[in-house]
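Visitor: Pasting a structure here, questions to come.
The values are calculated or read from the model by the stated rules, or taken from the named source; none is laboratory data. Just so you know, these numbers come straight off a predicted model, no measurement behind them. Cβ coordinates were reconstructed from backbone atoms using ideal geometry, including for glycine residues, and neighbour counts include every protein chain displayed. Only protein heavy atoms, including side chains, enter the accessible area calculation; ligands, DNA and RNA are left aside. Shrake-Rupley method; radii C 1.70, N 1.55, O 1.52, S 1.80 Å.
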Amino acid sequence: GTHCPNAAFVADCAFNGVIAALRPAPFPGPLEEGCRRFCEKLDIHGVYHFDFLFVESEDRHYFLEMNGRLGGTTAKVFRLGYDEPGFVPGAYGTGRRPISRPVPNRQVASYQATAKFLLSSLRGQLTMFDYPNLGFWRLAIKLLPAVLSARSEVWDWRYPRTSIAYAIQQVLRL
């Protein structure tokens, strides 16, 4: 098989270990090259994610983990033009490889994760692992453009009864 095209994304909002909002970002050359060599050395094929922590004050990336699977960000990066599921057949030597075209300067968000994040912020229940902790109103303003342009990953107008039942279930879990 072949290796999938690389793309970089920045998490603008994370809550309970879920990326609620993200956007495309430049992929620093040395970091991209290191990821490529890692995968070649271990003969890794398929769809995978490298997670890094970027420390702005040091201008340095720290490796956190590698996930050898489609992840929780798949629907979000797909909306940005990165066809992660479409890369799977080509990675194993079958089918054509889709072309990846991330859209610059656009943020996407998950309605559900963003709503839970904002509600926890309003209640003062964010933890040190939730990012960013700006206070409810500043956070709501920061996430508003992404939420307004987001498409639901759960709601489907073709099945309103199921969608409403699921929404009620999620609210009751809060």
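Visitor: How large is Rg over Rh for the range 1-72, taking Rg from the Cα atoms and Rh as the Kirkwood inverse mean of 1/r across Cα pairs?
Guide: 0.96
Visitor: What are the radius of gyration and Dmax of the chain, computed over its Cα atoms and given in Å?
Guide: When restricted to Cα atoms, the chain yields Rg and Dmax of 17.7, 50 Å.
Visitor: Using helices alone, what [θ] at 222 nm do you get for the chain, with -39,500 (n - 2.57) per DSSP H run of 4 or more residues, divided over all residues and rounded to the nearest 500?
Guide: That comes out to -11500 deg cm²/dmol.
Visitor: Right, another one. Report, by chain and number, residues whose modeled amide H sits under 5 Å from the one on residue 20, excluding near sequence neighbours (fewer than 5 apart, same chain).
Guide: The answer is 13, 14, 15.
Visitor: Sequence neighbours fewer than 8 away in the same chain don't count; with that in mind, list the aspartates and glutamates whose C-alpha is under 18 Å from residue 76.
Guide: Straight-distance partners of residue 76: 12, 51, 84, 153, 156.
Visitor: Oh, and also: Which order do peptides 78-88, 106-116, 62-72 fall in by mean Cβ count within 10 Å, highest first? All intermediate terms of the calculation are to be shown ahead of the outcome.
Guide: Details: 78-88: 17.7, 106-116: 20.5, 62-72: 12.5.
Packing order, densest peptide first, comes out as 106-116, 78-88, 62-72.
Visitor: To continue, here is another question. First compute the accessible area of the chain with a 1.4 Å probe, then give the percent of it belonging to carbon and sulfur atoms.
Guide: The value for the chain is 58 percent carbon and sulfur by accessible area.
Visitor: Right, here's the next one. Which value, in Å² and to the nearest 10, is the accessible area of residue 47 when all protein chains are kept and the probe is 1.4 Å?
Guide: Solvent-accessible area, nearest 10 Å²: 20 Å².
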